[in-house]
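The values are calculated or read from the model by the stated rules, or taken from the named source; none is laboratory data. What you see is a predicted model, and the numbers here were worked out from it, not measured in a lab. Virtual Cβ from ideal backbone geometry, glycine too; neighbours counted across all protein chains shown.
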Amino acid sequence: MSDILHTQEQDRPAKPAMWRGFRRCCPACGEGAMFDGYLKVADHCPVCREELHHHRADDGPAYLTILIVGHLMAPLILIVFEQFRPEPLILATVFTVGCVALSLYLLPRLKGLIVGIQWAKRMHGFGSDA
């Protein structure tokens, strides 16, 4: 029984599934779109018909987005402030727009990445099919 489970684990490599998810494509085939809208995961892939409704991304993508944006923008704000000394309103405006834009870019990609991990690891019902 453990050999069967071990074989099932090997036939879904995590890195390609994560990359496909990050590109907002189906983690199984990499061709079909994973999302119906901005953040709504499609029930199934339009190309390979892989069911995607099992996912449980929940708050993970939002936490990762905040973590990444915070770790990129906080040092950048400090560097810009120390080197160029811009007006506070200019600094706040530029970095607010930058943080929002980066967050909007990363959020669906990180959600796709998490769904890709779940698919590769056969979590939450993704492993029920043979």
Original post:
Could you list, in sequence order, the residues of the stretch 51-66 that are in a loop (DSSP other than H, G, I, E, B) and surrounded by fewer than 16 Cβ atoms within 10 Å (Cβ to Cβ)?
Top reply: His53, Arg56, Asp58, Asp59
**OP:** Kindly indicate which of Ala92, Ala33, Ala62 is out of contact with any Ser or Thr (no Cβ under 6 Å at 6 or more places or on another chain), closer than 24 Å to Arg12 by Cβ and of a type in the set (Gly, Ala, Ser).
**Re:** Ala33
Subject >> Condition broken by His53, with the remaining ones in (1) modelled with pLDDT of 95 or more; (2) in contact with a strand residue (DSSP E or B) (Cβ under 8 Å, 6 or more places away or on another chain); (3) closer than 17 Å to Gly127 by Cβ; (4) not hydrophobic (A, V, I, L, M, F, W, C) satisfied >> reply: (1)
Original post:
Which of the residues spanning the stretch 25-50 are crowded, with 16+ Cβ neighbours inside 10 Å and either part of a loop (DSSP other than H, G, I, E, B) or of a type in the set (Phe, Trp, Tyr) (or both)?
Top reply: Cys26, Pro27, Ala28, Gly30, Gly32, Met34, Phe35, Ala42, Cys45, Glu50
**OP:** Show the residue pairs that are 6+ apart or on different chains and have beta-carbon atoms under 8 Å apart, the first residue being within the stretch 24-44 and without any contact (Cβ under 8 Å) to a residue 40 or more places away in the chain, the second being part of a strand (DSSP E or B).
**Re:** Cys26/Ala33; Glu31/Cys25; Gly32/Cys25; Ala33/Cys25; Ala42/Ala33; Ala42/Phe35; Asp43/Glu51; His44/Glu51
Original post:
Residues in the stretch 82-130 that are surrounded by fewer than 12 Cβ atoms within 10 Å (Cβ to Cβ) and outside any helix (DSSP H, G or I): how many?
Top reply: 5
